[in-house]
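So the structure is just underneath, and the comments pick up after that.
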Amino acid sequence: MIYERLSHSARPHTLPAIKAHAPCPCGSGDIYTDCCGQWHTGTPAPTPEALMRSRYSAYVAGLSDYLLATWHPSTAPGELELWPVKWLGLDVRRAEAEGDAGIVEFVARHRDTSGRAQRLHEISRFVRMDGRWYYIDGQIIDDEREAS
Ligand SMILES: [Zn+2]
């Protein structure tokens, strides 16, 4: 279903659709349908890391509906306008889950509209409700300030 939507709907200009057998944008090394594609098409992501990766892939592909659906209702924005940026890669540094709470630390790299490469270093919090993981919020780590 998602592929149909990706290929037929009028999609925002710069966002690429993900091809089913292409390497997954999250950088896992698996093809998309064996990785984040499963969660994008409705199967609940089994771990905070899987959800975080699938949300990164959703940013790459412009799947704002998926991003909103996996955002905890208490912190989710009413609507989501995706940044017009080119995502360059994801590096998951740490992923932990204990009971129904989890955290994932990651660095996501992207190129902004002026062409400058940027890093987003974040520690995200996740919670599981009714068998599904949701993103709650994230703490941005300022690497430059930490380094100095
Ligand atoms: Zn993936």
*asked:* Here are the criteria: (1) modelled with pLDDT of 95 or more; (2) farther than 28 Å from Ala20 by Cα; (3) exposed (fewer than 13 other Cβ atoms within 10 Å of the Cβ). Tell me which single one Gly138 does not satisfy.
replied: (3)
*Residues being in a loop (DSSP other than H, G, I, E, B) and either at negative phi or touching a residue at least 12 places away in the same chain (Cβ under 8 Å) (or both) - total across the stretch 29-41*: 3
*Odd one out for Cys26, checked against (1) within 12 Å of the ligand (Cβ to nearest atom); (2) without any contact (Cβ under 8 Å) to a residue 40 or more places away in the chain*: (2)
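Yes or no, residue by residue, for (1) modelled with pLDDT of 95 or more; (2) crowded, with 16+ Cβ neighbours inside 10 Å; (3) over 14 Å from the mean Cα position of the chain (by Cα):
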{"residue": "Ala101", "(1), (2), (3)": "yes, no, yes"}
{"residue": "Val104", "(1), (2), (3)": "yes, yes, no"}
{"residue": "Ser114", "(1), (2), (3)": "no, no, yes"}
{"residue": "Ala117", "(1), (2), (3)": "no, no, yes"}
*Residues being more than 21 Å from Pro48 (Cβ to Cβ) and touching a helix residue (DSSP H, G or I) at 6+ places or on another chain (Cβ under 9 Å) - total across the stretch 97-118*: 1
*If we scan the stretch 69-80, do we find a residue that is among the aliphatic types (A, V, I, L, M), touching an Asp or Glu at 6+ places or on another chain (Cβ under 7 Å) and in contact (Cβ under 8 Å) with a residue 12 or more places away in the chain?*
no
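Residues checked against (1) touching a Gly at 6+ places or on another chain (Cβ under 9 Å); (2) within 15 Å of the ligand (Cβ to nearest atom); (3) under 22 Å from Arg132 (Cα atoms); (4) acidic (Asp, Glu):
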residue	(1), (2), (3), (4)
Ile18	yes, yes, no, no
Ala22	no, yes, no, no
His40	no, yes, yes, no
Gly62	no, no, yes, no
Leu67	no, yes, yes, no
Ala76	no, no, yes, no
*Filtering the stretch 42-57 down to residues that are hydroxyl-bearing (Ser, Thr, Tyr) and more than 9 Å from the ligand (Cβ to nearest atom), which residue is nearest to Asp100 (Cα to Cα)?*
Thr47
_Quick check on the stretch 4-12. Is at least one of its residues away from the ligand (no atom under 13 Å from the Cβ), among the basic types (Lys, Arg), modelled with pLDDT of 95 or more and not in a loop (DSSP other than H, G, I, E, B)?_
no
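The values are calculated or read from the model by the stated rules, or taken from the named source; none is laboratory data. Keep in mind it's a predicted model, so treat the numbers as computed, not measured. All Cβ positions, even for glycine, are placed from backbone atoms using ideal geometry, and neighbour counts span all protein chains on display.
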